[in-house]
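In what follows, a structure is listed as structure tokens, so that the remarks can point back to it.
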Amino acid sequence: MIQRMMRMLHSGMHTFTAYRRVRSFLIIAAVITCGIGCYAVYVSRAWSYVSDDPATCVNCHIMGPQYATWSHSSHRERAHCNDCHVPQHSLIDHYAFKAKDGTRHAAIFTLRAEPQVIHIRSEGRHVVEENCIRCHRHAVNSLMEYAKNNVKDRRGCVSCHREVPHGRVNSLASAPYARVPVPESPVPAWLSDMMKNEKVRK
């Protein structure tokens with residue numbers, strides 16, 4: 001009887017020791033995983049992707065030409081990257097699309113699998129088209145009526161306006177003045193000061 005109790009006690013001690021080892025291992029693994037996760041969030045500036053700041057797009061250096069061409073275009077004054085490239089009709093769709101597209105971009109750039117020539121995907125093209133029409137509805141109402149009645153003649157906005165606002169950006173080398181990291185503003189300080197003085201005079 002005593003021997004059996006001793007065996008049970010000995011077995012219980014082994015189980016308790018094994019449990020403590022497993023628990024210690026799990027705690028260490030959780031701390032390491034949490035640390036790596038926090039570091040990844042910090043390095044990727046993950047919090048910036050929730051905003052609509054266009055500078056977020058150049059977190060990945062490959063987007064330098066797109067940012068530079070947009071910042072020198074007339075769209076710079078009215079539309080940011082998300083205004084064109086992310087759905088605007090619902091908050092849920094807006095952030096769901098950003099999360100899905102952003103995860104894909106992050107995976108491609110992390111694995112260094114980005115193509116030399118970046119092409120917009122069909123889903124992204126559809127979103128851009130919707131946003132073109134949303135912003136320019138006053139100018140395209142008659143075209144939309146025509147397109148409804150003549151489906152075979154229906155064309156996308158980019159079939160005529162392909163170079164808006166990025167010009168002919170086809171590769172990393174196609175926008176020679178797209179310095180990376182991208183400068184804060186393409187407007188020289190002297191011109192910015194002159195524009196501020198003009199506003200004060202008015």
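The values are calculated or read from the model by the stated rules, or taken from the named source; none is laboratory data. As the structure is a computational prediction, the values presented were derived from the model and not from experiment. Cβ placement follows ideal geometry from the backbone for every residue including glycine, while neighbour counts extend to all protein chains displayed.
Is there a residue being of a type in the set (A, V, I, L, M, F, W, C), at pLDDT below 85, in a helix (DSSP H, G or I) and not assigned by TED's automatic domain parsing to the domain that holds residue 123 anywhere in segment 21-40? Full working, then the answer.
Residues of segment 21-40 of a type in the set (A, V, I, L, M, F, W, C): 22, 25-32, 34, 36, 38, 40.
This time we only want the ones that are at pLDDT below 85, so: 22, 40.
Right, trim to in a helix (DSSP H, G or I) and you get 22, 40.
Checking which are not assigned by TED's automatic domain parsing to the domain that holds residue 123 leaves us with 22, 40.
There is at least one residue in segment 21-40 that is of a type in the set (A, V, I, L, M, F, W, C), at pLDDT below 85, in a helix (DSSP H, G or I) and not assigned by TED's automatic domain parsing to the domain that holds residue 123.
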Return a yes/no flag: does segment 119-132 have any residue that is at positive phi, without any contact (Cβ under 8 Å) to a residue 24 or more places away in the chain and not aromatic (Phe, Trp, Tyr). no
Restricted to segment 69-89, and to residues that are in contact with a helix residue (DSSP H, G or I) (Cβ under 9 Å, 6 or more places away or on another chain) and over 17 Å from residue 129 (Cβ atoms), which residue is surrounded by the most Cβ atoms within 10 Å (Cβ to Cβ)? 70
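Okay, residues lined up against (1) outside the structural domain of residue 167 (by TED's automatic domain parsing); (2) touching a Leu at 6+ places or on another chain (Cβ under 8 Å); (3) of a type in the set (Ser, Thr, Tyr):
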residue	(1), (2), (3)
49	yes, no, yes
55	yes, no, no
68	no, no, no
87	no, no, no
90	no, no, yes
112	no, no, no
124	no, no, no
Matching residues in segment 88-104 - criterion: being in contact (Cβ under 8 Å) with a residue 24 or more places away in the chain and not in a helix (DSSP H, G or I): 88, 89
Taking segment 90-112 and keeping only residues that are modelled with pLDDT of 85 or more and crowded, with 16+ Cβ neighbours inside 10 Å, one is left with 97, 98, 101
Could you tell me which residue of segment 34-49 is nearest to residue 87 (Cα to Cα), considering only residues that are surrounded by 12 or more Cβ atoms within 10 Å (Cβ to Cβ) and within 13 Å of the chain's Cα centre (by Cα)? 49
Give the residues of segment 48-79 that are free of Cβ contacts under 8 Å to residues at least 60 places away in the same chain and closer than 19 Å to residue 121 by Cα, sorted by residue number. 57, 60, 63
Test residue 152 against the stated conditions and say whether it is modelled with pLDDT under 85, in contact with a Lys or Arg (Cβ under 9 Å, 6 or more places away or on another chain), of a type outside the set (Ser, Thr, Tyr) and surrounded by fewer than 10 Cβ atoms within 10 Å (Cβ to Cβ). no
